[in-house]
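Student: I am attaching a structure below and will ask some questions about it afterwards.
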Amino acid sequence: MESTKVVILDTCYSGGFGRYAQLQARGISLNDSAVEPPKVPEGASSRDLNRAGYVTLTACDDDVAYESSFLENGVFTYYLVEGLGPDHPADSNSNGAVSAEEVFSYASPRTTKLIPIQHPQIFDGVSGEVQLTNVSITTTIGDIATTLRSAENTVYFIYPDYSGAKPPGVSPALLSDWTAIGFMIGMCSNRQYEVTDTNPTVIDTSSGMAKLQDKTIVLFGGPLVNAPVHYYEGQRLAPLYWQMDNDVCYWYKADGTRLDETALPSSQLASQDMFLLEAFIDNSGNKVFIFYGYGWKGTFATGKFVKFIIYPNISSYTHAYYIFKWVDGNGDGFVDLDEIMTTPIASG
């Protein structure tokens, strides 16, 4: 099978290459006096651009492409490189990768905004999108920064419902779990989808599996109340899973290794708690973030901790999971930010 080829042209008149290819496809010759000839030679390169399997991005139409002394680069190239950068700002669907189509959609309007008479072109001979960066099989908690800046309606915040049909072993949630997720929604730059785990268009309510692909999913609440969390932990897709042994709460690695340092008797949950933050890519290419505590106070602590402690130092959170502990130091039964230990109990 012939491989897909991506051609990027940042030259004057570069859009003319693709324009000529379009004329060829319509059976129009350059000698046709009714057609304005593109300012490119009739050659192999322009014929190739008309073949299936090519995606061509050009810096301009059939005219001039500009460079910028301020940007120290060709304008179109500058924004292409920026869109492909470490944080993948051109990743409009938040799947951890950037396609040729996405980076063009990112670079083209920015180029024209800076140079109003320059209009980049795309000639796409491929069905679907062509990835220019690889989708990671893992992700990190630090990637939540990109998620919070994602384009409108590209992220799914899934609440654990307090009623409705759920898989066996999943119960109605407390509304305190919703309070925690509110911290993160308030941090988003744009509006995002907000649904419950009983929504049959998004969740298979018999199993808890998400009916989504190549999306970003944010989940608050543990496996006892949140159906997708129950599914991911039960299928061992999440890095960690919760389990209670003799009334003591633990987190286990997906391979079955118990993290003994996470032991906490359920009888102590009123005055102390632990909470988990984890990130991973599921089998459908979804980037998944899970946040919850052993008890509701731990889940509530997660929202505050992400906003005020993690986010300002997000670049330092390079692991797939972290576990932190809260102890009610002043005995008032409330989760105060300064009562949460900033050194993780466990990470990996």
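Student: Roughly how many debye, to the nearest 20, is the charge dipole of the chain about its Cα centre, given +1 on each Lys and Arg Cβ, -1 on each Asp and Glu Cβ, and no other charges?
Tutor: Details: 21 positive and 40 negative charges, 67 e Å.
The calculated dipole for the chain is roughly 320 debye.
Student: Classify region 141-347 as rounded, prolate or oblate, taking a ≥ b ≥ c as the square roots of the eigenvalues of its Cα gyration tensor: rounded when a/c is under 1.5, otherwise prolate if a/b is larger than b/c and oblate if not.
Tutor: Values: a/c = 1.44, a/b = 1.19, b/c = 1.21.
Rounded, because the longest to shortest axis ratio a/c is under 1.5.
Student: Right, another one. How long are the three semi-axes of the equivalent ellipsoid of the chain, in whole Å, if each is the root of 5 times an eigenvalue of the C-alpha gyration tensor, listed from largest down? Each step should come with its number before you reach the end.
Tutor: Details: eigenvalues 505, 86, 50 Å².
In descending order, the three semi-axes are 50, 21, 16 Å.
Student: Once the piece of chain linking Phe70 and Ile309 is laid out straight, how much longer is it, given 0.36 nm per residue of separation minus the C-alpha distance between them?
Tutor: Values: separation 239, 0.36 × 239 = 86.04 nm, distance 3.59 nm.
That works out to 82.4 nm of additional length.
Student: Let me ask something else. Of the peptides 234-245, 139-150, 60-71, how do they stack up when ordered by the mean number of other Cβ atoms within 10 Å, highest first?
Tutor: Working: 234-245: 17.6, 139-150: 19.4, 60-71: 16.0.
The packing order, highest mean first, is 139-150, 234-245, 60-71.
Student: What is the spin-label model distance, in nm, from Leu174 to Leu224 if the labels are put 7 Å beyond Cα along the C-beta direction?
Tutor: Rounded to a tenth, the inter-label distance reads 0.9 nm.
Student: Let me ask something additional. List every residue whose amide H lies under 5 Å from the amide H of Tyr13, counting only residues 5 or more places away in sequence or on a different chain, with H placed 1.01 Å from N in the peptide plane.
Tutor: Amide H neighbours of Tyr13: Asp63, Val64, Ala65.
Student: Using a/c under 1.5 as the rounded threshold, could you call region 149-215 rounded, prolate or oblate? The axes a ≥ b ≥ c are square roots of the C-alpha gyration tensor eigenvalues, and prolate needs a/b larger than b/c, oblate otherwise. If you can, show how the numbers build up before the last one.
Tutor: Details: a/c = 3.08, a/b = 1.38, b/c = 2.24.
Taking the square roots of the gyration eigenvalues as a ≥ b ≥ c, region 149-215 is oblate.
Student: Return the FRET efficiency for the residue pair Asp332, Leu259: r is the Cβ-Cβ distance, R0 is 22 Å, and the value is rounded to the nearest 0.05.
Tutor: Values: r = 29 Å, r/R0 = 1.33.
For R0 = 22 Å, the calculated efficiency reads 0.15.
Student: Per the helix-only calculation at 222 nm, which mean residue ellipticity applies to the chain, given -39500 (n - 2.57) for every DSSP H run of n ≥ 4 and division by its residues, nearest 500 deg cm²/dmol?
Tutor: On the way: 8 runs with 75 residues, N = 348.
That comes out to -6000 deg cm²/dmol.
Student: R0 = 51 Å: FRET efficiency of Ser271 with Cys188, Cβ-based, nearest 0.05? Could you put the intermediate results ahead of the total?
Tutor: Values: r = 33 Å, r/R0 = 0.64.
Calculated transfer efficiency: 0.95.
Student: When the chain is fully extended, how far beyond the present Cα-Cα distance does Val248 get from Cys12, taking 0.36 nm per residue of separation?
Tutor: Numbers: separation 236, 0.36 × 236 = 84.96 nm, distance 6.86 nm.
Value of the extension gain: 78.1 nm.
Student: So if we plug the beta-carbon distance of Lys5 and Ser347 into 1/(1 + (r/R0)^6) with R0 = 56 Å, what FRET efficiency do we get, rounded to 0.05? Write out the running numbers ahead of the final one.
Tutor: Numbers: r = 42 Å, r/R0 = 0.75.
After rounding to 0.05, the efficiency reads 0.85.
Student: Let me ask something else about it. Based on the Kirkwood radius over alpha-carbon pairs, what is the Stokes-Einstein translational diffusion coefficient of region 49-180 at 37 °C with 0.692 mPa s viscosity, in µm²/s? Could you put the intermediate results ahead of the total?
Tutor: On the way: Rh = 17.7 Å.
For the chosen part, D equals 186 µm²/s.
Every number in this text was worked out from the coordinates using simple rules, so none of it is lab data. Because the structure is predicted, anything quoted here is derived from the model rather than measured. Here Cβ is always computed from backbone atoms with ideal geometry, including for glycine, and neighbour counts include all displayed protein chains.
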